[in-house]
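J.: Before I ask anything, let me first share the structure, which is written out below as structure tokens.
The values are calculated or read from the model by the stated rules, or taken from the named source; none is laboratory data. What you see is a predicted model, and the numbers here were worked out from it, not measured in a lab. No Cβ is skipped: glycine too gets one built from the backbone with ideal geometry, and neighbour counts run over all protein chains shown. Just the protein is used for accessible areas: all its heavy atoms, side chains included, with ligands, DNA and RNA removed. Shrake-Rupley method; radii C 1.70, N 1.55, O 1.52, S 1.80 Å.
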Amino acid sequence: MDVPSESRAEGAAVDLVRELMPGEAAHDDGEVLLYGEGPVVLAGHLDTVPAQGNLPGRIADGAVHGLGASDMKGGVAVMLELARANVPARYLFFTREEVPVSESPLPALFATGLLADAELALVLEPTDCELHAGCLGNLQVRVTFRGESAHSARPWTGVNAIHELVLGLQGLAAAQPEDVEVDGLVFREVVSAVRAEGGIAANVVPASASVELNMRYVRPGAVERLRALVPDGELEVLSDSPSAPPALANERVARLRELVPVVKPKQAWTPVAQFAERGIDAVNYGPGATAYAHRQDEQIPIANLERCYATLREFLA
């Protein structure tokens, strides 16, 4: 828990995994570690969000408390213990997941072809020991509204870009979540304004204002649907991480469902999408408590760690 591993500073965590894992890595570029063999890949990211006064870690009330406990050092711990018990699988540890996907080190691994024959990837993201299939796409855009600067005592001589922004977001503010069913699972497509900027001084009518929008989606055409909600302004796509299908038809997923009867849609983006892009079926299954991910009081029940370990050991055997 106390090994530093915030995104972009995971070196100590990578070193610890090297120390604890049995055998030699099949791939080690300093950002991605791959061990073992077999048709199933267990995948876990080593980074966490920034600390929020939740270090050092501690054990209390039947749970491990601290930064990354649920997302996802708990999942990584299960992977390490399975490997140390010689449970057959491929074990994939990687950095920079809690940052934009453009920084992900996984594409370099995929380019090696080392995972080309994998039949299933299990990403040990927090799922409360439930099976969370598929994932939402994650679209981030910036919309800039233009005006004309003027003295704030004579605003009629200019055009207030912040006012244009407020008017331009009316359609988005009125939009409701849309339920989309995929393979019997209902995902919710949502869009939110998450950051706004504008203005240079208290006595100047601003000539420019911008807003960043985040859209979580399943269906193709997300940019076009977002443009329809915000028809004015200059739209710039900052990042777009595609969604992933549930992969419930995979024979190995069917076997896992015998051990994990609760199946839900993953109402978030996870690296299962990166596997799906390469034609590798992937699902989310991990011990982390979803309600505590990224929180100041982040924690994971010890019972979840034990349950996830026992389930995966039986599944992989």
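J.: For residue 314, indicate whether it is out of contact with any Leu (no Cβ under 7 Å at 6 or more places or on another chain), surrounded by fewer than 19 Cβ atoms within 10 Å (Cβ to Cβ), acidic (Asp, Glu) and not in a strand (DSSP E or B). So that I can check it myself, show each step before the final result.
T.: On the way: out of contact with any Leu (no Cβ under 7 Å at 6 or more places or on another chain): no; surrounded by fewer than 19 Cβ atoms within 10 Å (Cβ to Cβ): yes; acidic (Asp, Glu): yes; not in a strand (DSSP E or B): yes.
Criteria not met by residue 314.
J.: Under 23 Å from the mean Cα position of the chain (by Cα) and surrounded by fewer than 18 Cβ atoms within 10 Å (Cβ to Cβ): is that true of residue 6 in this structure? Break it down stepwise before answering.
T.: Values: under 23 Å from the mean Cα position of the chain (by Cα): yes; surrounded by fewer than 18 Cβ atoms within 10 Å (Cβ to Cβ): yes.
Against the criterion (under 23 Å from the mean Cα position of the chain (by Cα) and surrounded by fewer than 18 Cβ atoms within 10 Å (Cβ to Cβ)), residue 6 qualifies.
J.: For region 180-203, indicate whether the set of residues that are acidic (Asp, Glu), closer than 30 Å to residue 280 by Cα and in contact with a Lys or Arg (Cβ under 9 Å, 6 or more places away or on another chain) is non-empty. Can you show your working first?
T.: Of region 180-203, the ones acidic (Asp, Glu) are 181, 183, 189, 197.
With closer than 30 Å to residue 280 by Cα added as a condition, the list becomes 181, 183, 189.
Of the ones still in play, those that are also in contact with a Lys or Arg (Cβ under 9 Å, 6 or more places away or on another chain) are 189.
Yes, the conditions are met somewhere in region 180-203.
J.: Further question: Within region 23-34, how many residues are at negative phi and open to solvent by 10 Å² or more (accessible area, probe 1.4 Å)? It would help to see each step written out before you state the result.
T.: Initially, region 23-34 is screened for residues at negative phi, giving 24-29, 31-34.
Among the residues that remain, those that are also open to solvent by 10 Å² or more (accessible area, probe 1.4 Å) are: 24-29, 31.
Of the residues in region 23-34, 7 are at negative phi and open to solvent by 10 Å² or more (accessible area, probe 1.4 Å).
J.: Give just the number: which of (1) farther than 30 Å from residue 243 by Cβ; (2) buried (at least 19 other Cβ atoms within 10 Å of the Cβ) does residue 213 not satisfy?
T.: Only one criterion is unmet by residue 213, namely (1).
J.: Let me ask something additional. Out of everything in region 6-20 that is among the aliphatic types (A, V, I, L, M) and either in contact (Cβ under 8 Å) with a residue 24 or more places away in the chain or assigned to a loop (DSSP other than H, G, I, E, B) (or both), what residue ends up being farthest from residue 53 (Cα to Cα)?
T.: The first filter runs over region 6-20 and keeps only residues among the aliphatic types (A, V, I, L, M), leaving 9, 12-14, 16-17, 20.
Add one more test, that the residue is either in contact (Cβ under 8 Å) with a residue 24 or more places away in the chain or assigned to a loop (DSSP other than H, G, I, E, B) (or both), and what stays is 9, 13-14, 17, 20.
Values: 9: 18, 13: 19, 14: 23, 17: 25, 20: 27 Å.
My answer is 20.
J.: Let me ask you something else. Please determine, by comparing only the residues of region 64-95 that are in a loop (DSSP other than H, G, I, E, B) and in contact with a strand residue (DSSP E or B) (Cβ under 8 Å, 6 or more places away or on another chain), which one is farthest from residue 35 (Cα to Cα). So that I can check it myself, show each step before the final result.
T.: In the first step, residues of region 64-95 are kept if they are in a loop (DSSP other than H, G, I, E, B); the result is 66-68, 85-89, 95.
Now narrow it down to the ones that are in contact with a strand residue (DSSP E or B) (Cβ under 8 Å, 6 or more places away or on another chain): 66-68, 88-89, 95.
Working: 66: 27, 67: 26, 68: 23, 88: 10, 89: 8, 95: 15 Å.
Only one residue tops the list, namely 66.
J.: Another question about this same structure. Any residue in region 275-288 that is open to solvent by less than 40 Å² (accessible area, probe 1.4 Å) and out of contact with any strand residue (DSSP E or B) (no Cβ under 8 Å at 6 or more places or on another chain)?
T.: Within region 275-288, not a single residue is open to solvent by less than 40 Å² (accessible area, probe 1.4 Å) and out of contact with any strand residue (DSSP E or B) (no Cβ under 8 Å at 6 or more places or on another chain).
J.: Mind checking whether some residue in region 102-111 is within 16 Å of residue 271 (Cβ to Cβ), open to solvent by 10 Å² or more (accessible area, probe 1.4 Å) and of a type in the set (Phe, Trp, Tyr)?
T.: Yes; the residues of region 102-111 include at least one that is within 16 Å of residue 271 (Cβ to Cβ), open to solvent by 10 Å² or more (accessible area, probe 1.4 Å) and of a type in the set (Phe, Trp, Tyr).
J.: List the number of the failed condition for residue 91; all other conditions in (1) in contact with a Ser or Thr (Cβ under 9 Å, 6 or more places away or on another chain); (2) modelled with pLDDT of 95 or more; (3) among the hydroxyl-bearing types (Ser, Thr, Tyr) hold.
T.: Failing condition for residue 91: (1).
Here is a yes/no grid of residues against (1) surrounded by 13 or more Cβ atoms within 10 Å (Cβ to Cβ); (2) within 30 Å of residue 269 (Cβ to Cβ); (3) touching a residue at least 12 places away in the same chain (Cβ under 8 Å):
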{"site": "138", "(1), (2), (3)": "yes, yes, yes"}
{"site": "143", "(1), (2), (3)": "yes, yes, yes"}
{"site": "151", "(1), (2), (3)": "no, no, yes"}
{"site": "154", "(1), (2), (3)": "no, no, no"}
{"site": "162", "(1), (2), (3)": "yes, no, yes"}
{"site": "170", "(1), (2), (3)": "no, yes, no"}
{"site": "176", "(1), (2), (3)": "no, yes, no"}
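J.: Still on this structure: Report yes if residue 125 is surrounded by fewer than 19 Cβ atoms within 10 Å (Cβ to Cβ) and farther than 22 Å from residue 225 by Cα, otherwise no.
T.: Numbers: surrounded by fewer than 19 Cβ atoms within 10 Å (Cβ to Cβ): no; farther than 22 Å from residue 225 by Cα: yes.
Spelling it out, it is not the case that residue 125 is surrounded by fewer than 19 Cβ atoms within 10 Å (Cβ to Cβ) and farther than 22 Å from residue 225 by Cα.
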